[in-house]
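> Let me begin by handing over the structure; questions about it come next.
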Amino acid sequence: MKVRLLGMLTAAMVCLSTLFGCAEKASEKDHVIIAYVTSWKDVPVDPSVMTHINYAFGHVNDTFDGVRIDNPRRLRSIVGLKTVNPDLKVMLSVGGWGSGRFSEMAADDQRRMSFAQDCLRVVEEFGVDGIDIDWEYPTSDMAGISASPEDRENFNLLMRDLRSVLGDDRLLTLASSAYAEYIDFRACEKYLDFVNIMTYDMANAPYHHAALYASENTDGCCDGAVKAHIEAGVPVEKLVLGVPFYGRGGTTMPRFVDYRRIEAGEEYVEMWDEVAQAPYLADKDGNLVLGYDTPKSLTLKCDYIKENGLLGVMYWEYAGDTPEGDLSTVLAKEMKTKKPTLCTRTTDI
């Protein structure tokens, strides 16, 4: 009897272990692929190569208590892509470089709550799945916007109020500066579904602006930015690595060049920084004149995301890619994962 009972208990423990293992596996998240799509371009979007779209942009309105949307017709057409890809999530990104009035809105309890309620109106009226806040940046006026030392704490209150009004079934995310400055993540992380790190524009030529690792040609890198966010209190599984669909130059090349327009030639040759794991264009003297990403460097960044347990990848912006989708296709191939398979449960123990 004791032997039989021991065998039954052992079988039960094995089965329960299997069930718990299945539950854990089933709860694993797929990687996210987030594409910024802008209001001012009419490039058709292929909804099969991303999981989320951040529509750029909405803004805090002139009375500091609501949302103004750039090109609402374009937003409706982007939401319409969900009929092609029912799993697609569309977010309204509020803010962007030079988009102000956040400071005044967040500082006032009534304005802040009115703004949150208007965000809910937008979600319901346009059928979007949540709100992405791109306040660049709390406490800083370098983008020519108003700022205050109290912005940091008021940002936390804004995230709290947005989560309260939007509820738990809608997405709330934000765009963060590369090295996690300006935001008190330990206070507001609990309200957020994920954090998009703007791991680009970290320097101008003669430095890379979005290199994976530090080298003599960098003044900031993706790996350092990820570690800074973890140190600031963001769980790694909530981190989304940003990548550029454009190049950034310096004195001899434009500061901003869409990837589809980047070409090597007689004057400039494409080089590879083995330490930084990043490509660049160099002049005849070997000087870095344009930093950017290619399918090769994006593949390595996807490997980094998977190896380090990040949630996924984000890019600015969809229209910068080639007509053939050289970059977006690589990200879709490398980051899309199969849905976890639910195991068959048994109650016969």
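> Given the conditions (1) without any contact (Cβ under 8 Å) to a residue 40 or more places away in the chain; (2) closer than 23 Å to residue 94 by Cα; (3) within 17 Å of the chain's Cα centre (by Cα), which single one is not true for residue 256?
Here residue 256 meets the rest and fails (3).
> While we're looking at this one, here's another question. Of everything in segment 295-339 that's part of a helix (DSSP H, G or I) and among the β-branched types (Val, Ile, Thr), which residue is surrounded by the most Cβ atoms within 10 Å (Cβ to Cβ)?
305
> Give the residue that is surrounded by the most Cβ atoms within 10 Å (Cβ to Cβ), with candidates limited to residues of segment 280-294 that are out of contact with any strand residue (DSSP E or B) (no Cβ under 7 Å at 6 or more places or on another chain) and charged (D, E, K, R).
284
> Taking segment 116-147, which residues are of a type in the set (A, V, I, L, M, F, W, C), more than 19 Å from residue 169 (Cα to Cα) and buried (at least 17 other Cβ atoms within 10 Å of the Cβ)?
Applying the first criterion (of a type in the set (A, V, I, L, M, F, W, C)) to segment 116-147 yields 116, 119-120, 122-123, 126, 128, 131, 133, 135, 142-143, 145, 147.
Checking which are more than 19 Å from residue 169 (Cα to Cα) leaves us with 135, 142-143, 145, 147.
Listed by number, the residues that qualify are 135, 145, 147.
> Moving on to the next point. Just one of 178, 203, 210 is buried (at least 17 other Cβ atoms within 10 Å of the Cβ), over 18 Å from residue 100 (Cα atoms) and touching a His at 6+ places or on another chain (Cβ under 8 Å); which is it? First the steps, then the outcome.
On the way: 178 fails: touching a His at 6+ places or on another chain (Cβ under 8 Å); 210 fails: touching a His at 6+ places or on another chain (Cβ under 8 Å).
Just a single option satisfies the conditions, and that option is 203.
> Among the residues of segment 182-190, are any of a type outside the set (D, E, K, R), surrounded by 19 or more Cβ atoms within 10 Å (Cβ to Cβ) and over 19 Å from the mean Cα position of the chain (by Cα)? Explain how you work it out, then say what you get.
Applying the first criterion (of a type outside the set (D, E, K, R)) to segment 182-190 yields 182-183, 185, 187-188.
Imposing the further condition that a residue be surrounded by 19 or more Cβ atoms within 10 Å (Cβ to Cβ) reduces the set to 183, 185, 188.
Still in the running and over 19 Å from the mean Cα position of the chain (by Cα): none.
No - not one qualifying residue is present in segment 182-190.
> Being under 21 Å from the mean Cα position of the chain (by Cα) and not hydrophobic (A, V, I, L, M, F, W, C) is the filter here, so list the residues in segment 75-99 that pass it. Break it down stepwise before answering.
Going residue by residue through segment 75-99, those that are under 21 Å from the mean Cα position of the chain (by Cα) are 75, 78-79, 81-82, 85-99.
Result: 82, 85, 86, 87, 89, 93, 95, 96, 98, 99.
> Same structure again: Confirm whether residue 58 is of a type in the set (Gly, Ala, Ser) and either within 28 Å of residue 331 (Cβ to Cβ) or buried (at least 20 other Cβ atoms within 10 Å of the Cβ) (or both). Even if it seems obvious, please write down each step before you answer.
Details: of a type in the set (Gly, Ala, Ser): yes; either within 28 Å of residue 331 (Cβ to Cβ) or buried (at least 20 other Cβ atoms within 10 Å of the Cβ) (or both): yes.
Spelling it out, residue 58 is indeed of a type in the set (Gly, Ala, Ser) and either within 28 Å of residue 331 (Cβ to Cβ) or buried (at least 20 other Cβ atoms within 10 Å of the Cβ) (or both).
> Only one of (1) modelled with pLDDT under 95; (2) polar (S, T, N, Q); (3) outside any helix (DSSP H, G or I) fails for residue 18. Which number is that?
(3)
> Of the numbered conditions (1) in a loop (DSSP other than H, G, I, E, B); (2) of a type in the set (Asp, Glu); (3) at pLDDT 95 or above, residue 270 satisfies every one except a single condition; which is it?
(1)
> How many residues does segment 118-151 contain that are within 16 Å of the chain's Cα centre (by Cα) and of a type in the set (Gly, Ala, Ser)?
Here the count works out to 1.
> Continuing with the same structure: Looking for whichever is small (Gly, Ala, Ser), touching a residue at least 24 places away in the same chain (Cβ under 8 Å) and more than 22 Å from residue 54 (Cα to Cα) here; the options are 146, 99, 93. Which one fits?
Numbers: 99 fails: more than 22 Å from residue 54 (Cα to Cα); 93 fails: more than 22 Å from residue 54 (Cα to Cα).
It is 146.
> Let me ask something additional. Within the group 282, 264, which residue is farther than 25 Å from residue 56 by Cβ, hydrophobic (A, V, I, L, M, F, W, C) and at pLDDT below 95? Explain how you work it out, then say what you get.
Numbers: 282 fails: at pLDDT below 95.
Exactly one of 282, 264 is farther than 25 Å from residue 56 by Cβ, hydrophobic (A, V, I, L, M, F, W, C) and at pLDDT below 95, namely 264.
> Cβ-Cβ under 9 Å, sequence separation 6+ or interchain: first residue in segment 61-79 and under 15 Å from residue 125 (Cα atoms) and without any contact (Cβ under 8 Å) to a residue 40 or more places away in the chain, partner surrounded by fewer than 16 Cβ atoms within 10 Å (Cβ to Cβ) and of a type in the set (Gly, Ala, Ser). Which pairs?
That search, which allows pairs on different chains as well, returns nothing.
> Residue check: is residue 210 under 16 Å from the mean Cα position of the chain (by Cα) and part of a loop (DSSP other than H, G, I, E, B)? Even if it seems obvious, please write down each step before you answer.
Working: under 16 Å from the mean Cα position of the chain (by Cα): yes; part of a loop (DSSP other than H, G, I, E, B): yes.
Spelling it out, residue 210 is indeed under 16 Å from the mean Cα position of the chain (by Cα) and part of a loop (DSSP other than H, G, I, E, B).
> Right, another one. With the requirement that a residue be out of contact with any Asp or Glu (no Cβ under 6 Å at 6 or more places or on another chain) and surrounded by fewer than 17 Cβ atoms within 10 Å (Cβ to Cβ), what does segment 75-103 give you?
76, 77, 80, 83, 84, 85, 86, 87, 98
> Restricting the search to segment 61-87, which residues are hydrophobic (A, V, I, L, M, F, W, C) and touching a strand residue (DSSP E or B) at 6+ places or on another chain (Cβ under 7 Å)? Walk me through how you get there before you give the answer.
Kept after step one, since they are hydrophobic (A, V, I, L, M, F, W, C), are these residues of segment 61-87: 64, 67, 69, 75, 78-79, 81, 84.
If the condition is that a residue be hydrophobic (A, V, I, L, M, F, W, C) and touching a strand residue (DSSP E or B) at 6+ places or on another chain (Cβ under 7 Å), then 67, 69, 75, 78, 79 are the ones that fit.
The values are calculated or read from the model by the stated rules, or taken from the named source; none is laboratory data. The structure presented is a predicted model; accordingly, all values stated were derived computationally and were not measured. Backbone-built Cβ (ideal geometry, glycine too); neighbour counts: all protein chains shown.
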